[in-house]
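Would you mind keeping the following structure in view while I ask a few things?
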Amino acid sequence: MLSRIGDVRLSLLYDEQFLEEAKDADAIFLESKKIDDAVLEAAPKLKIVARNGVGYDNVDVEACTRHEVYVTNTPGVLSDAVADLTLGFMLCLSRNLIELDRYAREQWASKGDFPKLGFDLKNKVCGVIGLGRIGFQVAKRVYAFGMRIIYCDISRNEKAEELFDAERVGLDELLRESDYVTVHVFLDKKTRGMIGRRELGLMKKTAFIINTSRGGVIDQAALTQFLREHRIAGAGLDVFEREPIPSDDSILKLDNLILAPHAGTSTNETRHAMALTAVRNISAALRGDVPPDFVPEQKGKVFHKI
């Protein structure tokens, strides 16, 4: 049972009003707002920035640490939902479900040309870039479909190797061998643009790429060109370099990809679990304890802000 720990104020915009409200804040619970020195200097009482999600590239962790402010996220509770969406993309792309839906609604009765045949997932190669919590759940699902799993990660995942016969390979080999490439890494200086023209050029012409991590991991202009020229078969994207994606973005004109509006965690159960996790982190910080889900960069840090 959670007890009352404070009052909540809702702020929808990152503007002067938000900075004004932040000056008395002990905690900030956020999704997309940017937290930087400007916010931290305006909020001298702030003890914690609780990110509602697993990624925190919109939070300047170094600045928060200087200001003795904890940064937390909500790992674990959203892995299944994001993995489910990833598999949904794979199934839609492999079986042409969007095109089949349109055909059934608009052309079936008039006996129009049947859409092109799809592909089985069984015996295909799934390349997982980033075999952490979410990547592991993706591997678990595709293994049940009879896919071969290869992965690229800075760390070896012995559990996935044992349970799913996953094989650790380098990024270039993964891109060359995979029929489906799925991306599950944090966005930071090392991963920003890690899939660019050179990397896309290594993929099979029949391969698909799926991104449910962060849009900045893939060079979107390069991906748009490869899709337009059918140099890869297609893509499933839940994230983009700019969000919301501008209505005039050329990628929206392509028909060999499936898009979602950054909806990987958009289930009732997952959002509830994420909110509870964030509240527990906030409660711990306001009690003067180290919150359980602090980000790795703050390992070993204990703040005593009054």
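Filter the stretch 261-283 for residues that are of a type in the set (Gly, Ala, Ser) and either part of a loop (DSSP other than H, G, I, E, B) or under 17 Å from Thr65 (Cβ atoms) (or both) and give the result. Explain how you work it out, then say what you get.
Just the residues of the stretch 261-283 that are of a type in the set (Gly, Ala, Ser), to begin with: 263-264, 266, 273, 275, 278, 283.
Of everything in the stretch 261-283, those that are of a type in the set (Gly, Ala, Ser) and either part of a loop (DSSP other than H, G, I, E, B) or under 17 Å from Thr65 (Cβ atoms) (or both) turn out to be Ala263, Gly264, Ser266.
Going by the structure shown, is Phe186 in contact (Cβ under 8 Å) with a residue 24 or more places away in the chain, touching a helix residue (DSSP H, G or I) at 6+ places or on another chain (Cβ under 8 Å) and not assigned by TED's automatic domain parsing to the domain that holds Asn58?
Details: in contact (Cβ under 8 Å) with a residue 24 or more places away in the chain: yes; touching a helix residue (DSSP H, G or I) at 6+ places or on another chain (Cβ under 8 Å): no; not assigned by TED's automatic domain parsing to the domain that holds Asn58: yes.
The answer is no for Phe186.
If you don't mind, there's one more thing I want to ask. I need the helices (runs of 4 or more DSSP H) fully contained in the stretch 58-109, keeping only those with at least 1 residues that are surrounded by fewer than 16 Cβ atoms within 10 Å (Cβ to Cβ) and either in contact with a strand residue (DSSP E or B) (Cβ under 6 Å, 6 or more places away or on another chain) or outside the structural domain of Arg287 (by TED's automatic domain parsing) (or both).
Details: elements: 61-66, 79-95, 97-106.
Qualifying helices (runs of 4 or more DSSP H): 79-95, 97-106.
May I pose another question? Going by what's in this entry, would Asp179 be described as touching a Cys at 6+ places or on another chain (Cβ under 9 Å) and either of a type in the set (Asp, Glu) or loosely packed, with under 15 Cβ neighbours inside 10 Å (or both)?
Values: touching a Cys at 6+ places or on another chain (Cβ under 9 Å): yes; either of a type in the set (Asp, Glu) or loosely packed, with under 15 Cβ neighbours inside 10 Å (or both): yes.
Answer is yes for this residue.
If you go through the stretch 203-223 one residue at a time, how many are under 19 Å from Glu177 (Cβ atoms) and crowded, with 17+ Cβ neighbours inside 10 Å? I'd like the intermediate steps shown before the answer.
At the first step, the residues of the stretch 203-223 found to be under 19 Å from Glu177 (Cβ atoms) are 203-211, 218.
Applying the additional criterion that residues be crowded, with 17+ Cβ neighbours inside 10 Å yields 203, 207-211, 218.
Total satisfying the criteria: 7.
Which of the residues spanning the stretch 184-233 are among the aliphatic types (A, V, I, L, M), over 19 Å from Leu252 (Cβ atoms) and assigned to a loop (DSSP other than H, G, I, E, B)?
Across the stretch 184-233, the qualifying residues are Val185, Leu187, Met194, Leu202, Met203, Ala207.
Taking the stretch 270-293, which residues are over 22 Å from Asp24 (Cα atoms) and either of a type in the set (D, E, K, R) or crowded, with 16+ Cβ neighbours inside 10 Å (or both)?
Thr270, Arg271, Ala273, Met274, Thr277, Asp293 - these are the residues of the stretch 270-293 that are over 22 Å from Asp24 (Cα atoms) and either of a type in the set (D, E, K, R) or crowded, with 16+ Cβ neighbours inside 10 Å (or both).
Sort out which residues of the stretch 232-251 are within 20 Å of the chain's Cα centre (by Cα) and exposed (fewer than 14 other Cβ atoms within 10 Å of the Cβ), and write them in order of number.
If we filter the stretch 232-251 for residues that are within 20 Å of the chain's Cα centre (by Cα), which is where we start, we get 234-246, 251.
The answer is Arg242, Glu243, Pro244, Pro246.
If you don't mind, another one. Given (1) in contact (Cβ under 8 Å) with a residue 40 or more places away in the chain; (2) surrounded by fewer than 16 Cβ atoms within 10 Å (Cβ to Cβ); (3) among the acidic types (Asp, Glu), where does Glu229 come up short, assuming only one miss?
It fails just one condition, (1).
Could you check the stretch 18-32 and list, in sequence order, the residues that are in a strand (DSSP E or B) and of a type in the set (A, V, I, L, M)? Lay out the reasoning, then the answer.
Within the stretch 18-32, the subset in a strand (DSSP E or B) is 27-30.
Listed by number, the residues that qualify are Ala27, Ile28, Leu30.
Among the residues of the stretch 239-260, is any of a type in the set (A, V, I, L, M) and in a helix (DSSP H, G or I)? Steps first, answer last, please.
Of all residues in the stretch 239-260, those of a type in the set (A, V, I, L, M) come to 239, 245, 251-252, 254, 257-260.
Filter again for in a helix (DSSP H, G or I), leaving 251-252.
Yes, some residue in the stretch 239-260 is of a type in the set (A, V, I, L, M) and in a helix (DSSP H, G or I).
Quick one: Lys124 ticks every box in (1) over 21 Å from Lys204 (Cβ atoms); (2) modelled with pLDDT of 95 or more except a single one, so which number is it?
(1)
Among the residues of the stretch 254-278, which ones are of a type in the set (Gly, Ala, Ser) and either within 14 Å of Phe89 (Cα to Cα) or free of Cβ contacts under 8 Å to residues at least 40 places away in the same chain (or both)? Let's see the steps before the verdict.
Filtering the stretch 254-278 down to residues of a type in the set (Gly, Ala, Ser) leaves 260, 263-264, 266, 273, 275, 278.
Result: Ala260, Ala263, Gly264.
The values are calculated or read from the model by the stated rules, or taken from the named source; none is laboratory data. Just so it is clear, the structure is predicted and the values come from calculations on it, not from any experiment. Neighbour counts run over all protein chains shown; Cβ positions are idealised from the backbone, glycine included.
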